[in-house]
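Presented below is the structure to which this report refers.
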Amino acid sequence: MSFNSFGHLFRVTTFGESHGVAIGCVVDGCPPLIPLAPEDIQRDLDRRRPGQSRFTTQRQEPDAVKILSGVMAHPETGVQVTTGTPIALLIENTDQRSKDYSDIKDKFRPGHADFTYEAKYGLRDYRGGGRSSARETAMRVAAGAIARKVLPEVSVRGALVQMGPHRIDRAKWDWDEVARNPFFCPDKDKAAFFENYLDGIRKSGSSIGAVIEVIAEGVPAGLGAPIYGKLDADLAAALMSINAVKGVEIGAGFGAAELSGEANADELRMGNQGAVFLSNQAGGILGGISTGQPVVARFAVKPTSSILSPRRTIDRNGAETEIMTKGRHDPCVGIRAVPVGEAMMACVLADHFLRHRGQVGR
């Protein structure tokens, strides 16, 4: 299977399956002499790790990362730093329950990639979905932790802003609140509402979708390139590549279709530090190039396809049947997608930073 890599100068290749021995990635193109220890990566992985609340899958994976290559102790300081060579990372799978999927090994889950993988490759890994499982995203988060080290002056933060039809109150947005609840929600009151709401969905054996917003602050102006190297195009592709994502917006996104030219125009004035924008409908990107404003992206995550409610489907032989998925699944996979979205934003920005530096020398 090809197409397991993304990025140009900061390039990430992931490997492994949900129920395989391990998952891993290789990060190539990271500059040398950047301090990097396992705990720098583990912090982000712990935010994505399953089994931390009743609102996520109860699969118990420590997601303990090992750095296999690309770092060494600096001969003068003794601090472990990157060497400029490929950085290989590995996480062992420790809590697979492949037998949970034995009843559906010949059936296609509606809404899942089962049918399309079989149609393309002639077989599929029914044990948790293989490469189509959200388990693969752990390595994106690991790579994103390295990308953040490439851009220490850039802050990348994400939050869950909608679950099902229920949106947060943006007037109550509090970044500190994101770390205080299991939903990565910046609205304290809405987070409390989500507890009862998702409990009901979880107990019924169903699932629900969500919308995640990721904001990068401190991004310098000039990243990205026309026409086919646009920052927003690469960002949209990166976020769209996350399992279960079905839509991406940059800035005002689809809402821009409802705005007048006056409302959509981000007016400029001069400030003490140069140009100042009076609004940010563009999401920090114009003509595919960053403006220096916060880069804002949102993505929609569909409901988890593995649910307890019986659904009509067909099997590998074409016979019509019903399917009900057992096992441990996220009632809202969008919750753990927050650190994944942050990671993809960080990787894209790191890649474009290095591309920009390589082209213009600054």
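I'm told Lys326 meets every condition in (1) surrounded by fewer than 22 Cβ atoms within 10 Å (Cβ to Cβ); (2) in contact (Cβ under 8 Å) with a residue 40 or more places away in the chain; (3) not in a loop (DSSP other than H, G, I, E, B) except one. Can you identify the failing condition by its number?
The single condition Lys326 does not satisfy is (3).
Looking at Ala244, Ala192, which one is in contact with a Gly (Cβ under 9 Å, 6 or more places away or on another chain) and of a type in the set (Gly, Ala, Ser)?
After applying the criteria, what remains is Ala244.
Looking at region 273-290, which of the residues that are small (Gly, Ala, Ser) and assigned to a strand (DSSP E or B) is nearest to His329 (Cα to Cα)?
Ser290
With respect to Phe183, is the statement that it is surrounded by 15 or more Cβ atoms within 10 Å (Cβ to Cβ) and part of a loop (DSSP other than H, G, I, E, B) true?
The answer is yes for Phe183.
Per-residue answers, yes or no, for (1) open to solvent by less than 40 Å² (accessible area, probe 1.4 Å); (2) closer than 23 Å to Ser132 by Cβ; (3) at pLDDT 90 or above:
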site	(1), (2), (3)
Gly24	yes, yes, yes
Gly29	yes, no, yes
Ser53	yes, no, no
Leu68	no, no, yes
Ala73	no, no, yes
Tyr101	yes, yes, no
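Of the residues that make up region 157-180, is at least one surrounded by fewer than 20 Cβ atoms within 10 Å (Cβ to Cβ), of a type in the set (Lys, Arg), closer than 30 Å to Arg357 by Cα and over 15 Å from the mean Cα position of the chain (by Cα)?
Within region 157-180, not a single residue is surrounded by fewer than 20 Cβ atoms within 10 Å (Cβ to Cβ), of a type in the set (Lys, Arg), closer than 30 Å to Arg357 by Cα and over 15 Å from the mean Cα position of the chain (by Cα).
I'm checking my understanding of the structure. Among residues of region 329-355 that are open to solvent by 30 Å² or more (accessible area, probe 1.4 Å) and at pLDDT 95 or above, which one is nearest to Val156 (Cα to Cα)?
Per the criteria, the residue is Phe353.
Within region 346-355, identify whether any single residue is under 16 Å from Glu213 (Cβ atoms) and either in a strand (DSSP E or B) or in contact with a Pro (Cβ under 7 Å, 6 or more places away or on another chain) (or both), and answer yes or no.
no
Of the residues Gly334, Gly341, Gly358, which single one is part of a helix (DSSP H, G or I) and touching a Gly at 6+ places or on another chain (Cβ under 7 Å)?
Only one candidate qualifies: Gly341.
Which condition does Glu320 not pass, out of (1) free of Cβ contacts under 8 Å to residues at least 24 places away in the same chain; (2) within 20 Å of the chain's Cα centre (by Cα), if it passes all the others?
The single condition Glu320 does not satisfy is (2).
Of the conditions (1) surrounded by fewer than 20 Cβ atoms within 10 Å (Cβ to Cβ); (2) of a type in the set (Asp, Glu); (3) in a helix (DSSP H, G or I), Glu153 fails just one. Which one is it?
(3)
Search region 1-21 for residues that are of a type in the set (Lys, Arg) and pair each with any residue that is modelled with pLDDT of 95 or more and not in a strand (DSSP E or B) when their beta-carbon atoms are under 8 Å apart and the residues are at least 6 apart or on different chains.
Close Cβ pairs satisfying both conditions: Arg11/Gly29; Arg11/Asp351.
Condition (residue is open to solvent by 40 Å² or more (accessible area, probe 1.4 Å), of a type in the set (A, V, I, L, M, F, W, C), farther than 26 Å from Ser132 by Cβ and over 21 Å from the mean Cα position of the chain (by Cα)) applied to region 236-255: is it met by at least one residue?
no
Restricting attention to region 272-288, which residues are open to solvent by less than 50 Å² (accessible area, probe 1.4 Å) and touching a helix residue (DSSP H, G or I) at 6+ places or on another chain (Cβ under 8 Å)?
Scanning region 272-288 gives Gly283, Ile285, Gly288.
For Gln293, all conditions in the list (1) part of a loop (DSSP other than H, G, I, E, B); (2) more than 24 Å from Arg355 (Cα to Cα); (3) open to solvent by 20 Å² or more (accessible area, probe 1.4 Å); (4) not hydroxyl-bearing (Ser, Thr, Tyr) hold save one; what is the number of the exception?
Of (1) part of a loop (DSSP other than H, G, I, E, B); (2) more than 24 Å from Arg355 (Cα to Cα); (3) open to solvent by 20 Å² or more (accessible area, probe 1.4 Å); (4) not hydroxyl-bearing (Ser, Thr, Tyr), only one is false for Gln293: (2).
The values are calculated or read from the model by the stated rules, or taken from the named source; none is laboratory data. Every value quoted in this text rests on a predicted model; they were computed, and no experiment measured them. Cβ coordinates were reconstructed from backbone atoms using ideal geometry, including for glycine residues, and neighbour counts include every protein chain displayed. Areas reflect the complete protein model, heavy atoms only, side chains present, ligands, DNA and RNA absent. Shrake-Rupley method; radii C 1.70, N 1.55, O 1.52, S 1.80 Å.
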